[in-house]
Amino acid sequence: MKSRKQFWIVICFITLAFILRVYKLPTDLLFHRDQGLVAMDIYHQWHDGDISLIGAPSDVDGIVHSAIYYWMLLPFYALSGGNVVVPAIFQIFLESISLLFLYLGVKKIFNEKTALLTIVIYAISYGMISYSKWFITVPFILPLTNILIYLLALQYKKPVNYIRIFITSLLVGQIIQTNAAVGVFIVPFLMYFYKQQIRTKSIAAVAAGITLPAVPLIVFQLRHDFVTLKAIYTFVFGNSGGVGFGVSVFWDNLVIFLREVNHSFLHPLYVISTALFIWGIYKIYSNKYKTLVYSYLLIPFLFLGLFQRGAISFFYIAALPVVISVVSYGILKLPTLLKYLTVVIIIIFNLNNLQYLYKPTNALIPIGDENLITLQDRKNIIDWMYQKAHGKEFSVWIYTLPYFQDYPWNYLFVTYAKDKYSYQPEQTSSFSPGDLKTSELFFNIYEPDPGNQSRLNAWFNEVNLNFGTVVDEYQSNDIYVQLREWNRMDL
């Protein structure tokens, strides 16, 4: 009876986790360059039938991932007619369901109470919800990680199970193809984890699992002269952040890691969250699964530190579910009064922080643009232009960050605008007035660029020179649109 009651409590918090993550998502989803790039790539596959072997690029020139992530989301883009909210909700749904695996894994590693507290904190965590609402490849690592933790707990110090070895390796392989900067550093841990089970078959199982998600990328390499492998080699052995040793890198990475620890359960109380994490690390020393936990957290951190480019916050996303479980275990080892007080404080701070996720604010995206631009903001701008056009043809210049990478706008023009208004702008980039054949109106869209105001000013000079003065304008958060006094017949 107790187990059944505990199960339904867990289901309730999993449901709460899902609700907190999808609340206001249709309007407040931040839709910037990266989201637009992924959406546009997937659009070409489901709409144009242009199936690709490669997926999202990394932030290192020439290094790309397999198309597996794209293929998994493709049906949801297609069925929704390109509405990015639908695949975003699906991704959150997968993460929420995976919390059951996290619960079972933490229960096996620690105990039932620790598993339950882990799910409670994970469900309401300001930092974890922020990641979940960040619709890009990185948060897809969370459901993979939650399942991985469960399988590692099952396999720890157990007889060789080749199927389980293959599945854990397959999950790591998929993490690599979701974001290589996270996944490749889990591989050394996996080698260490299976060091007592080295057999020809186990090595083959690990290799097959890691390689399978990369098959589309491998085929692409064979067709394109190993371009990605060359880019990886250049990065690893080059002078722009490749392999090397520096104490400062490890220190900087540690600061970033502890900041992620803080965001995961007690933002902004950095010192207290660090102390609780260290306390949890100390208390699990007597736990029989301590080697699993220590090696999972430490080995990827050490190998990441050997790359001189240093860490970015999300590089530690795969560690966060284990971090929360370690903190939960430590909290439950505190004196009774302090234990309950700590849990109450964590709940209060996280619930209070949720207001920053529902305004909206830039807390909706862990890293990225300074400008606040939601999916609804872009739709508002498009709606305003079409309402002003009254069915007339028009063209538009766009100043967007990063500079002139208009993927979000192009995607919404070919999906949202085309479906709602049945026509698209004649031109949206790289044109002069003489290139326009049917446009009767001209709009210019821009966002603030405090980091390079001179570039924005130069762009405005070109707009004023070619398309006249402003006759009307509109703003939605940090995105602006202007209607210009321009007549094609004057050309």
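Bear in mind that the values in this text are calculations on the coordinates, not laboratory data. Not measured: the values here are computed from a predicted model. Cβ sites come from the backbone with ideal geometry, for glycine too, and all protein chains shown count toward neighbours.
Just a few scattered comments:
- The lysines whose alpha-carbon is closer than 21 Å to the alpha-carbon of K290, local same-chain residues fewer than 8 away aside, are K107, K108, K113, K157, K158, K195, K333.
- Helix axis angle, 200-211 relative to the chain longest principal axis, alpha carbon, degrees: 20
- Summary value for the chain: 18 percent relative contact order, contacts being C-alpha pairs under 8 angstrom separated by 6+ residues.
- Trypsin sites (Lys or Arg not before Pro) restricted to DSSP loop in the stretch 280-389 with at most 16 other C-beta within 10 Å: K288, R309, K333
- All distinct Cα pairs of the stretch 375-490 go into the 1/r average, and the inverse of that average, the Kirkwood radius, is 14.4 Å.
- Antiparallel DSSP beta bridges within the chain, percent to nearest 5: 70
- With the simple model of a label 7 Å out from the Cα in the direction of the Cβ, V344 to W71 spans 5.3 nm.
- Against the empirical curve 2.2 N^0.38 Å, the C-alpha radius of gyration of the chain lands at a ratio of 1.07.
- Residues of type lysines that K437 reaches as a straight line, Cα spacing below 20 Å, ignoring anything fewer than 8 places off in the same chain: K388, K392, K418
- Additional length obtainable on full extension of the chain from F90 to A458, 0.36 nm per residue less Cα span: 128.3 nm
- Here the stretch 144-288 is assigned +1 on the Cβ of each Lys and Arg and -1 on the Cβ of each Asp and Glu. Its dipole about the Cα centre then comes out at about 640 debye.
- A cut-off of 5 Å between modelled amide H atoms, ignoring neighbours fewer than 5 places along the same chain, links E473 with L483.
- Cβ charges +1 (Lys, Arg) and -1 (Asp, Glu), total dipole of the chain, debye: 3280
- Dipole magnitude for the stretch 380-423: about 100 debye, using +1 per Lys or Arg Cβ and -1 per Asp or Glu Cβ, origin at the Cα centre.
- Taking only Cα atoms of the stretch 137-223, radius of gyration then Dmax in Å: 12.9, 42
- Between Y282, Q177, V227, the Cα set farthest toward the positive side of the dipole of the chain (charges on each charged residue's Cβ, about the Cα centre) is that of Y282.
- Those residues of the stretch 306-333 whose amide nitrogen sits under 20 Å from the label point placed on K113, 7 Å along Cα→Cβ: 323-333
- Relative contact order (percent, whole number), the stretch 375-490, Cα cutoff 8 Å, 6+ residue spacing: 32
- Among Y194, Y329, Y423, a tally of other beta-carbon atoms within 10 Å of each Cβ gives an order, fewest to most, of Y423, Y194, Y329.
- For F265, F237, order by how many other beta-carbon atoms lie within 10 Å, fewest first: F237, F265
- Straightening the chain between S430 and Q355 buys 22.9 nm, computed as 0.36 nm per residue apart minus the Cα-Cα spacing.
- For the chain, the mean residue ellipticity at 222 nm estimated from helices alone is -18500 deg cm²/dmol, where every DSSP H run of n ≥ 4 contributes -39500 (n - 2.57) and the total is divided by all residues, rounded to the nearest 500.
- Antiparallel DSSP beta bridges within the stretch 375-490, as percent of all bridges there, nearest 5: 60
- Leading residue at positive end of dipole, the stretch 375-490 (Cβ point charges), from N461, S429, G391: G391
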